[in-house]
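The next block holds one structure in the form of structure tokens; read it before the comments.
The values are calculated or read from the model by the stated rules, or taken from the named source; none is laboratory data. This is a predicted model, so every value here is computed, not measured. All Cβ positions, glycine included, derive from the backbone under ideal geometry; neighbour counts span all protein chains shown.
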Amino acid sequence: MWLKRLLDKIDERLPSRRQAASFQVEQNELVVLRNGCEPQRYSATEITDVYALRRELYVEDCLSLVIEFTGGAQLEVDEGSPGWVELGIGLARLKGCQVNELWFLEVLQAEPGKRVPVVL
């Protein structure tokens, strides 16, 4: 019983479970789709940074992509979200930048909370 409660707490802390969103990178914008809401659209100029980080969640780690926007807003997409690795590649293309090909390996080896650049 205590193990199920612990696993439920871990699951609740994952951004993909809290947001229940999917993401699409279209020709000139990032589209965030949330159940029952209008799509949110962000142009490439509104995206100021894209990086990965690793969080410790009790007994397991959570890998996340963090997208920062002008005005300080952030969107965190974790490994539980469908297409999360492809999202980083799509964002690099959207911004006309190169993707850090080693970001996934680097974030696995990084200290928890350390930023690893995805878009160069």
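Numbers at a glance
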{"item": "For residue 41: the one exception among (1) of a type outside the set (Asp, Glu); (2) in a strand (DSSP E or B); (3) surrounded by fewer than 19 Cβ atoms within 10 Å (Cβ to Cβ); (4) under 15 Å from the mean Cα position of the chain (by Cα)", "result": "(4)"}
{"item": "Hits in the stretch 69-100 (condition: of a type in the set (Asp, Glu) and farther than 15 Å from residue 25 by Cα)", "result": "76, 78, 79"}
{"item": "Which listed residue is within 11 Å of the chain's Cα centre (by Cα) and on the phi > 0 side of the Ramachandran plot, from 96, 83, 36", "result": "83"}
{"item": "Selected residue [touching a Gly at 6+ places or on another chain (Cβ under 8 Å), assigned to a strand (DSSP E or B), at pLDDT 85 or above and not acidic (Asp, Glu)] from 75, 65", "result": "65"}
{"item": "Meets criteria (closer than 12 Å to residue 23 by Cβ and assigned to a helix (DSSP H, G or I)) for residue 85", "result": "yes"}
{"item": "Test: residue in the stretch 52-60 that is buried (at least 19 other Cβ atoms within 10 Å of the Cβ), modelled with pLDDT of 80 or more and outside any strand (DSSP E or B)", "result": "no"}
{"item": "So residue 111, is it part of a strand (DSSP E or B) and either more than 19 Å from residue 23 (Cα to Cα) or charged (D, E, K, R) (or both)", "result": "no"}
{"item": "Filtered residue count, the stretch 1-38, keeping only those that are assigned to a loop (DSSP other than H, G, I, E, B) and at pLDDT 60 or above", "result": "8"}
{"item": "Hits in the stretch 96-108 (condition: surrounded by fewer than 20 Cβ atoms within 10 Å (Cβ to Cβ) and touching a residue at least 24 places away in the same chain (Cβ under 8 Å))", "result": "96, 104, 106, 108"}
{"item": "Matching residues in the stretch 90-108 - criterion: being touching a helix residue (DSSP H, G or I) at 6+ places or on another chain (Cβ under 9 Å) and not in a helix (DSSP H, G or I)", "result": "96, 97, 98, 99, 100"}
{"item": "The listed residue being closer than 13 Å to residue 53 by Cα and either touching a His at 6+ places or on another chain (Cβ under 8 Å) or surrounded by 15 or more Cβ atoms within 10 Å (Cβ to Cβ) (or both), out of 111, 79", "result": "79"}
